Amino acid sequence: MTRPRCRIPSVALIATLALLLTAALLPTTGNVAAAPAGAPIALVAAAPGEERWGADLTIVDRDDVNVRRTAAGLRLREARPTGRGARSPHSALAEGMLLTTPRTLARPATRVRAEIDAAVPAGATVEAQVRGWRTAGWTEWRAAGTVFDRPVTRVQARVVLTATDGGATATVRGVRLTADANAAVSAATPGRTYRVYATRIGLVGEVTANGRTVQPRDHFAALPSRRGLSPLNTGDYTVRVCTTTGARCEYAPVWDVGPWNTRDDYWNPSSVRENWKDLPQGRPEAQAAYQSGYNGGRDQFGRAVLNPAGIDLADGTFWDGLRLTTNAWVDVAYLWTGGGPRGVVGDGPLNIRTGASTSYATRGLAARLAHVPIQCYVTGQSVAGPYRTTTRWNRLASGQYVSHAYISTVYGGSVPVC
């Protein structure tokens, strides 16, 4: 297939306009208003920050998705959505993302703001998003300028570009970041669990929003917001998905965006929810559109919503983890919204069991790279795994057990004896 050539309109045909926006005052949707064709956008911090640095846009590697570096700046590599038709519940936009290297701060910060230098034609968007590391792990991705719920010691930024199908793409010339500790911190929130409708992803051979090529019987999930999207080959954002009876569960990393929407973090309260703030917390927009005719029964792209899905499950999660045979309602825990120690599953999918031995019944799976909440540990059967030989078994927050022989690392605090 011949890739379309995306050209920035000639400056002779457009007026040059500088839009100076204070990142801290951006709407909570995080959207950057579309500028006139070819106009540069600059998001400028309202006041000098304590620490400033420039994002490196010159390195495009495996954890970056559908972007390329040109002499003019960073652009989309392909301006058409691949393998996703008009009726698909996945994004109708071409999307690309550059992930920068995490930066350790000289002192804790509560906010990171961004100044973006970019030429943005009509129909295209550019957004700088950031996340911060604290004891319990990474925060969600948020638009630059959003206040973190607690101070962070390390930050990472990503640049997200979108374009309408076949449309012109933005060119990003630079991104400058400012961290400060002057913003007030809001109260931390507990972990959240909601019942939503799950559909099977399929799409074997296609590429996910974080750059993974979907494998047969793969193990991951998709949520309709980039705020909970894990970078490639990480499980920084993991969900626990269970059947409504609780008989089967899987801990799965979030590696794709969808179904239907891309800015619907419905698990968040309305004060921080990106879009659809009038909906109850925990109710996906697609569910409201399908069941109640919300938004005229359409998603954010104007497509008729054909099912109430709030989560997509890869084939292995769907068939092997939950043993589903058709789309179904499930209970989903958004684990990064909670606290406490987390273990990283280094090899999997790993069986989760009802007791501290391989003789106990399995109750589901923990996918490779998933982050699982560890409540405490017990002594059980000795297991030789890829990381150690040990009699330690970790009891998860759900009351099930996994062998510590398969846990690559633990963070977020010390794990007590049960």
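Worth pointing out:
- Using the average count of surrounding beta-carbon atoms within 10 Å as a protection proxy, the listed peptides 291-299, 216-224 rank, highest first, as 216-224, 291-299.
- The range 259-343 shape via C-alpha gyration tensor axes, a/c threshold 1.5: oblate
- Lys, Arg +1 and Asp, Glu -1 on Cβ, resulting dipole of the range 278-359 about Cα centre, debye, nearest 20: 100
- Rounded if a/c under 1.5, otherwise prolate or oblate - the range 116-188, Cα gyration tensor axes: prolate
- Trypsin sites (Lys or Arg not before Pro) within the range 63-160, DSSP loop, no more than 13 other Cβ atoms inside 10 Å: Arg87
- Shape category assigned to the range 289-389 from the gyration tensor of Cα positions, a/c cut at 1.5: prolate
- Per residue solvent-accessible surface (Å²) - the range 321-418, probe of 1.4 Å: 41
- Rolling a 1.4 Å probe across the protein heavy atoms gives the range 219-293 an accessible surface of 24 Å² per residue.
- Antiparallel beta bridges, as assigned by DSSP with both residues in the range 192-331, represent about 70 percent of the total such bridges.
- Rolling a 1.4 Å probe over the protein heavy atoms of the range 300-418, with every protein chain left in place, gives an accessible area that is 47 percent carbon and sulfur.
- A protection proxy built from the mean count of other Cβ atoms within 10 Å ranks the segments 260-267, 244-251, most packed first, as 260-267, 244-251.
The values are calculated or read from the model by the stated rules, or taken from the named source; none is laboratory data. Predicted model, so just to flag it, every value in this text is computed and none were measured. For neighbour counting, all protein chains shown are included, and Cβ atoms are generated from backbone atoms with ideal geometry for every residue, glycine included. Areas reflect the complete protein model, heavy atoms only, side chains present, ligands, DNA and RNA absent. Shrake-Rupley method; radii C 1.70, N 1.55, O 1.52, S 1.80 Å.
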